[in-house]
1. Compute from the Cα atoms of the stretch B:67-144 the Rg and the Dmax, the latter being the longest Cα-Cα distance, and quote both in angstrom.
2. One-quarter of the Cα convex hull surface for the stretch B:100-165, in nm²?
3. Can you tell me the 0 to 90 degree angle between the C-alpha axis of helix C:43-53 and the longest principal axis of chain C, rounded to 10?
4. So what is the 222 nm mean residue ellipticity for chain B from helices alone, if each DSSP H run of at least 4 adds -39500 (n - 2.57) and you divide by all residues, rounding to the nearest 500 deg cm²/dmol?
5. In nm, to one decimal, how far is the modelled label at residue A:251 from the one at residue B:251, with both set 7 Å along Cα→Cβ?
6. Quick one: go through the stretch B:103-126 and flag any residue whose amide nitrogen is under 13 Å from the point 7 Å out along the Cα-to-Cβ line of residue B:150.
7. Using a 10 Å cut-off around each Cβ of peptide B:70-77, what is the average number of partner chain Cβ atoms that fall inside?
8. Please report the antiparallel percentage of DSSP beta bridges with both residues in chain C, rounded to the nearest 5.
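Derivation of every value follows stated rules applied to the coordinates shown; laboratory data play no part. What you are looking at is a predicted structure, and each value in this text was computed from that prediction instead of being measured. All Cβ positions, glycine included, derive from the backbone under ideal geometry; neighbour counts span all protein chains shown.
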C-alpha cells in the first residue's frame, strides 16, 4: 500500500499516481489519499496531521510532499519507521509521524540520490513518487539494498511547542484549525479531567468543558478533548476558531 | 466494496480508511469515496445526496458519517437494505437511501453495541469504521450473526418535505444547491411536461423551461429537470441559486 | 484502469463510479481520480490540465466530463490514442491530451450512439460512464468491434494560443492559474535560458528569473519554468497571479 499526502490541491497528485502506476505496472499496490489540501507550505501543520492520521494505517509506504523548498538543495529522504516507510523532503514534515509509527524502535533515515530530475518545481512527480514506487517494490525491510539510498545521521528535526502545565493553569498554543473550525491546541486532554460538566477559563473568559460538541447548546462555545487527545476549542455546530478568536499559533491559557 | 461519505473534509476520512484497512488486512475490499464535503452537519442534505448517489452502486457496505450528535447518546446503526448495508448514526441520514436500496423489500435496522470508544468526538474512526469493516467481513446477509448488533424497531426517521401539486401551480422548496449553483427542489419533474420550449412562473417571475442548461442563452435563467428527476432552478454557465435568489429551504412556487 | 476527470466537484463523480462498478462487477478495474475540480465549464483549462497529467499514466481509459453543452446535440466521443482511450464530449477537451498520448501515431475518433439517456443534464453518469465501462471491457484495441461506436472524421478541435518569440522579447498569455497561484503561460521555458540568476521584464517591470520558487526571497516575485515546461509567474510562498496582476487569458510580454 502507498498513501499520498500533499498540499497540492488538484490535479498535481494525479501525476504522482500516474508515475507510480506506470513504474509498478500490474504489481502496483493500493493507493490511498491521506489529504491533498494540507495547509499550503505549512510544514508544521502537515507534520501534525500526518502524526495523527498515519498511525491508523497498516504497514505502508507513505508519500508526503509539503515542500516549500523544492528545487533548492534540501535533501529528499526515506525514513524507515518499523514496518512503515515515509518518503518526502528533508524539512521535518516526516519526523513526528515516523516517531509514532516506529512504536519505540529507532527510525532509520536515508538520503535519496537525486539525479537531474525532469523539473525543478515538481519533485513530487519527478523525485518522490518514483522513490516511493522503488521503496514499495524493494520492501520496507530492504532499504539498504537500494543503491540510490544512503543512510544519514543528520536531518531536519521538527518538534511541536511544549505546553506548560502548572497548578491551576496550563499554557500552550493552537497548532492547527480543522475544517469544522475546531482549534486544536498542544495542551494535553488530561488537564480537563475533573472539569467535565463544569467550566475552565480560556484566555480569561469562562467556557464550559464538555465530552463532545453536542453537549453544549447549539452555537455555544465549549472546551473538549479532540480525537487526537489534545484540548480543542470548539462551538457546537459552529466554528471554535472564530468564537475564541484564535488561529494557528495563537496563545491559549487555561485556568481552573 | 465499502463506500465512504462524510462532512469531514480532510484529513479525517483517511483515518477511517486506515482503520478499515488495518482491520481487514489482505481481505480489505475496494474503498470508494462518495463525498467528504457533504454540507456540514446538515443531515437532510446528506440524506438527499446519498439517496441520489448510492443506488448507482452495486451491492456494498456504505459508511456514512454526518453526525452532529457525536458523543451524545444517539445510537449507532447498521441498516440492511437488500444486498446493501449502511452504517452510521441514528439521525435519519441513512433512511432515505436505505429505502431506495431495499428496492421494495423491508429494511432491517440494528443498533451497534458501543463499548467505550477511543474518543467522544470522532466516532467515524472509533465506532463506524470498525463496524463497517465487521459488516463487510461478515457479509450483508449475516448481520444476525454479529453479536455487537441488536435488531431495533425504533429509529429516527427522515422524510423530505412533500410538495403540493395543483392545477396550474405547484409549491415546494429548495432541498439542496449543488456545486454548480443548481437549486434542486422537491418538485417532481413531471410538472414541467408540456412546458418545454415555453416558460413557467417561478415565485412570480417568468422563466424559460428547457431540457438542459445549454438550451438557454449563456448567463440566462432556466427551469429544468435535474438528473435526480426533480425540478431544478439553473443558469446556463452560471449559478441558479443566485439568479433566483434562493437557498436550501427557500419556498418555490411554480405557476403555468 | 479507468481514470476520471470532471468539473463536477462532489458528489456527482461517485455516481459515475457506481455506474462503472455496477456494469463491470468483479472485473471492474482500478479507478483513479485525476481531478473533479477542474475549472467549471472551462474546456480550454481542462484540456490543458489533461494534456499535462494524463501522459504520466500507463495505458488506460480516461473518462473526461467537462461538458457545458450537455443535453444539446454535441456528440459523445471515444478517442483512441495509442494504448489509451479517452471518453468525453465533442468540445475539444480530449484533443490535446490525445495527441500527446498517441506519441506520434494517428488518433482515431469515434462517435457514440446515444440512445435516450436517463437524463438530459448528467451525461457523465448516463452516457460517458457506461461508455468508458464498455470501452474498458472491450479493450482499447477493439473499438471497431463496439457496435455503438462509429468512426468519424469531423470533430471539434482545440488548440492553445501560440506565443510569439522574437529577438529580446516574447509575447503570449496566461493559460491557467494553479492552486498555489502560479500563473502558467503558453511561453516556452527555453526563453529563460541564459537568464537564470538574472532578471527579465514582465509586462514592463523587472522580475528575477529563478530555477525554483524558494530561490527567490520569501514573498518575492519570480519567473520560472513550471513542471509542464512553460514559463510560470510565481511568488515564493505566495500567489503569482495576484503579484503580477494576471488571470487566465491575460497577455504576458517578456523582454530581456
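1. For the stretch B:67-144, the Cα radius of gyration and maximum Cα-Cα distance read 12.4, 38 Å.
2. Numbers: hull surface 27.1 nm².
Taking the Cα atoms of the stretch B:100-165, their convex hull projects to 6.8 nm² on average.
3. Between helix and principal axis, roughly 90 degrees.
4. That comes out to -5000 deg cm²/dmol.
5. 5.4 nm
6. B:110-115
7. That works out to 2 on average.
8. 75 percent
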